[in-house]
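To start, the structure itself, in structure tokens.
The values are calculated or read from the model by the stated rules, or taken from the named source; none is laboratory data. Predicted model only: the values in this text are computed from it and were never measured. No Cβ is skipped: glycine too gets one built from the backbone with ideal geometry, and neighbour counts run over all protein chains shown.
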Amino acid sequence: MGFFATVWDWFWLSFWIFAYIAYLFTLIYIAIDIFRSHDLSGWMKALWILLLVFLPFITGLVYLIARGQGMAERSAYRRPEVVELSDEEVRKVSFASPTEEIAKAAALRDQGIISDGEYEALKNKALGNKF
């Protein structure tokens, strides 16, 4: 028999690895929320972090019970800002006009970054030509 003899040994090992990784993600999310919170003073943030380092399981449970609703509100408050920023980036990248794309490709060609053949391919792509 080897180190792990049965299927149940593998099952329990997988379960405990999953539980440990979920626990680490929870601690990291709590630490992020502590620093994101504007209603905590610097000393309270330091105290929460110290407790989280030295008594992580108990502190994590207490934090989730005491400030869990605030975590959800801070996360929901931040979401529209993140979505707005990512939407703006997508618009910047994807809605460039063909002339802008061709100008960018010409600048890259002039700098020697791309070859003439690559420039022509980019130009044809910007204009919608397949060839």
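Just to be sure I understand the filter: pairs with C-beta atoms under 8 Å, separated by 6 or more residues or on different chains, first member in the range 24-41 and within 10 Å of Gly60 (Cα to Cα), second member among the β-branched types (Val, Ile, Thr) and surrounded by fewer than 16 Cβ atoms within 10 Å (Cβ to Cβ). Which pairs pass? Listed pairs, sorted by first residue: Ala31/Ile49. All but one of (1) surrounded by 10 or more Cβ atoms within 10 Å (Cβ to Cβ); (2) more than 21 Å from the chain's Cα centre (by Cα) hold for Ile21; which doesn't? Against the list (1) surrounded by 10 or more Cβ atoms within 10 Å (Cβ to Cβ); (2) more than 21 Å from the chain's Cα centre (by Cα), Ile21 comes up short only on (2).
Within the range 24-56, the set of residues being surrounded by fewer than 10 Cβ atoms within 10 Å (Cβ to Cβ) and either in contact with a helix residue (DSSP H, G or I) (Cβ under 9 Å, 6 or more places away or on another chain) or closer than 14 Å to Arg74 by Cβ (or both) comprises His38, Asp39. Taken over the range 50-74, the criterion of being of a type outside the set (D, E, K, R), free of Cβ contacts under 8 Å to residues at least 24 places away in the same chain and more than 16 Å from Tyr23 (Cα to Cα) is satisfied by Leu50, Ala66, Gln69, Ala72.
Filtering the range 92-131 down to residues that are outside any helix (DSSP H, G or I) and within 33 Å of the chain's Cα centre (by Cα), which residue is modelled with the lowest pLDDT? That would be Phe95.
Restricting Gly60, Gly2 to residues that are surrounded by fewer than 12 Cβ atoms within 10 Å (Cβ to Cβ) and either modelled with pLDDT under 95 or in contact with a Leu (Cβ under 6 Å, 6 or more places away or on another chain) (or both) narrows the list to Gly2.
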